[in-house]
Amino acid sequence: MSTSILYHGFGVRGYKYIKTEYQAGKIIFHIEKIKEKQVCADCGSRAVIKKGKVKRSLRAVPIGKRPVFFVIHLHRLFCSRCGSLKLEPLILSYPKKHWTKNLGRYIIDLLRHSTVEDIAKHLGMSWGTIKDIHKMALNKRYANTPVRHLRYLGIDEIAVRKGHNYLTVVVDLETGQVIWAAEGRKANSLEPFLEKLKRARAQIKAIAMDMWPAYINTVLKYYPYNLIVFDRYHIISAYNRMLDELRRKEISEAPGIHKGIYAGVRYLLLKGKEKIQDNFTARAKLETLLRLNKTLSIAYILKEELRDLWNCNSRKEASQYLMNWLYKAWSCGIKPVMKFANTIAGYRVGLLNYFDHPITTGMVEGINNKIKVLKRQAYGFRDMDYFKLRIYALNESRYALIG
């Protein structure tokens, strides 16, 4: 075997071939540095004397299905110029790693098309080793993600474990790139990122989020209120939760003769009226319920009117529309609806900011769904740092193979 094959086949430079061994299906190449590359690790002098050697085994790119190893003959070199006595540096691998840099690059290429588990099985390596290689590459790529260019952001949380364990996720709404992921959904989950934005002098124009107080208070430390846009879908979702609780209360108080009317109406109440417009049976069932239950009828009509808010053509028009809606809600006499109206009134400015910056967290919700798939396919992540790095790389991953 020639030194040229070492270079062209395995990317090995500065070494010469010694011999080949075959053991239990493995191919083992013995190599050592050429004389010209044997220099003092401290001063770079070639005036060195060999003072013993050690062998180091490294996993390399396979040949077909055969595992390949390099046994590196490393010399301990005494420098006659500076008096240093050190083992010559190992340039084929990273410190304390048992695989070559070339194998690492090969594995990263495979990860673009397959999963960590599949590659571990294919190469006969441990899942943990493949994960460590991937983590190292992702760290190098995403450790210092630039933020100066950012303008529109979306902030949301995702549950990652049972027991109210969350991740705060921030997305660039112009590119769909996850640019921040941190454990929890408190101020300290978001504040380091906002500090980074300020240091980078990013010209943030708007931030879409839900009405979670911790996020609001943290953002307001760094940016004015007119940059906050409360997400329309979260607002309607909050109203729907209130409407569903109201439905359950009305069922419990309804006379027995009317109980059957409430069966199967949850979907009909919570979905937009356009979703059942072409379904005569569903529409008739909903209309029957609303005729019999005035409370649910009023709450449902107010829900549909609130949804129409975002069809206004300007902030001024929306402001007037919202005030009219609030007056209706406050005067309806239904306590849960009146309480919801109080909440909306308190967040009125952030809600109307949509008409200056029409953004939502819809893109973040889509990414959260991918994160859930990532977590499920990997059967959970014990290494949270690796999990967050995988999230940063989501937009470069094949959706079906991100586990």
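The values are calculated or read from the model by the stated rules, or taken from the named source; none is laboratory data. These figures come from a predicted structure and were not determined experimentally. Positions of Cβ are generated from backbone atoms using ideal geometry, with glycine treated the same way; all protein chains shown enter the neighbour counts.
For (1) polar (S, T, N, Q); (2) crowded, with 18+ Cβ neighbours inside 10 Å; (3) out of contact with any Lys or Arg (no Cβ under 8 Å at 6 or more places or on another chain), each residue gets a yes or a no:
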{"residue": "Asn226", "(1), (2), (3)": "yes, no, yes"}
{"residue": "Ile235", "(1), (2), (3)": "no, yes, yes"}
{"residue": "Pro255", "(1), (2), (3)": "no, no, yes"}
{"residue": "Asn313", "(1), (2), (3)": "yes, no, yes"}
{"residue": "Lys316", "(1), (2), (3)": "no, no, yes"}
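Under 24 Å from Lys101 (Cβ atoms) and of a type in the set (Ser, Thr, Tyr): does that describe Tyr22? No. If you go through region 13-33 and keep only what is assigned to a loop (DSSP other than H, G, I, E, B) and modelled with pLDDT of 85 or more, you end up with Ala24, Gly25. Would you pick out the residues in region 121-163 that are β-branched (Val, Ile, Thr) and at pLDDT below 90? Thr145, Ile158, Val160 - these are the residues of region 121-163 that are β-branched (Val, Ile, Thr) and at pLDDT below 90.
Scan region 1-57 for residues that are of a type in the set (S, T, N, Q) and within 45 Å of the chain's Cα centre (by Cα) and the total you get is 4.
Against the test of being more than 36 Å from the chain's Cα centre (by Cα) and in the same structural domain as Lys335 (by TED's automatic domain parsing), the options Arg283, Arg247, Arg266, Arg241 yield a single qualifying residue, Arg283. When Asn217 is tested against (1) surrounded by fewer than 16 Cβ atoms within 10 Å (Cβ to Cβ); (2) among the polar types (S, T, N, Q); (3) touching a residue at least 12 places away in the same chain (Cβ under 8 Å); (4) within 30 Å of Gly272 (Cβ to Cβ), just one condition goes unmet, and that condition is (4).
For region 212-237, enumerate the residues that are of a type outside the set (Phe, Trp, Tyr) and within 16 Å of Ser189 (Cα to Cα).
Filtering region 212-237 for residues of a type outside the set (Phe, Trp, Tyr) gives 213-214, 216-221, 224, 226-229, 231-232, 234-237.
Matches in region 212-237: Pro213, Ala214, Ile216, Asn217, Thr218, Val219, Leu220, Lys221.
Could you tell me whether Ile107 is in contact with a Leu (Cβ under 8 Å, 6 or more places away or on another chain), outside the structural domain of Gly14 (by TED's automatic domain parsing) and surrounded by 13 or more Cβ atoms within 10 Å (Cβ to Cβ)?
Numbers: in contact with a Leu (Cβ under 8 Å, 6 or more places away or on another chain): yes; outside the structural domain of Gly14 (by TED's automatic domain parsing): yes; surrounded by 13 or more Cβ atoms within 10 Å (Cβ to Cβ): yes.
It is true that Ile107 is in contact with a Leu (Cβ under 8 Å, 6 or more places away or on another chain), outside the structural domain of Gly14 (by TED's automatic domain parsing) and surrounded by 13 or more Cβ atoms within 10 Å (Cβ to Cβ).
Any residue that is more than 25 Å from Arg247 (Cα to Cα) and part of a helix (DSSP H, G or I) - is there at least one of those in region 300-314?
Yes, region 300-314 contains a residue that is more than 25 Å from Arg247 (Cα to Cα) and part of a helix (DSSP H, G or I).
Residues in region 269-325 that are touching a Pro at 6+ places or on another chain (Cβ under 9 Å) and aromatic (Phe, Trp, Tyr): Trp310 alone.
Report, by residue number, each residue of region 40-65 that is of a type in the set (Val, Ile, Thr) and touching a residue at least 40 places away in the same chain (Cβ under 8 Å).
If we filter region 40-65 for residues that are of a type in the set (Val, Ile, Thr), which is where we start, we get 48-49, 54, 61, 63.
The one that is of a type in the set (Val, Ile, Thr) and touching a residue at least 40 places away in the same chain (Cβ under 8 Å): Val61.
Among the listed residues Asn188, Asn139, identify the single one that is polar (S, T, N, Q) and without any contact (Cβ under 8 Å) to a residue 12 or more places away in the chain. Exactly one residue qualifies, and that residue is Asn188. Considering only region 269-279, state which residues are surrounded by 12 or more Cβ atoms within 10 Å (Cβ to Cβ) and either under 36 Å from the mean Cα position of the chain (by Cα) or of a type in the set (Gly, Ala, Ser) (or both). Within region 269-279, Leu269, Leu270, Lys271, Lys273, Lys275, Ile276 qualify.
When region 183-211 is filtered for residues that are touching a helix residue (DSSP H, G or I) at 6+ places or on another chain (Cβ under 8 Å) and surrounded by fewer than 20 Cβ atoms within 10 Å (Cβ to Cβ), the ones remaining, listed by number, are Glu183, Lys186, Ala187, Glu191, Ile204, Lys205, Asp210, Met211.
Take the conditions at pLDDT 90 or above and not polar (S, T, N, Q) and apply them to His75. Does it pass? No: the conditions fail for His75.
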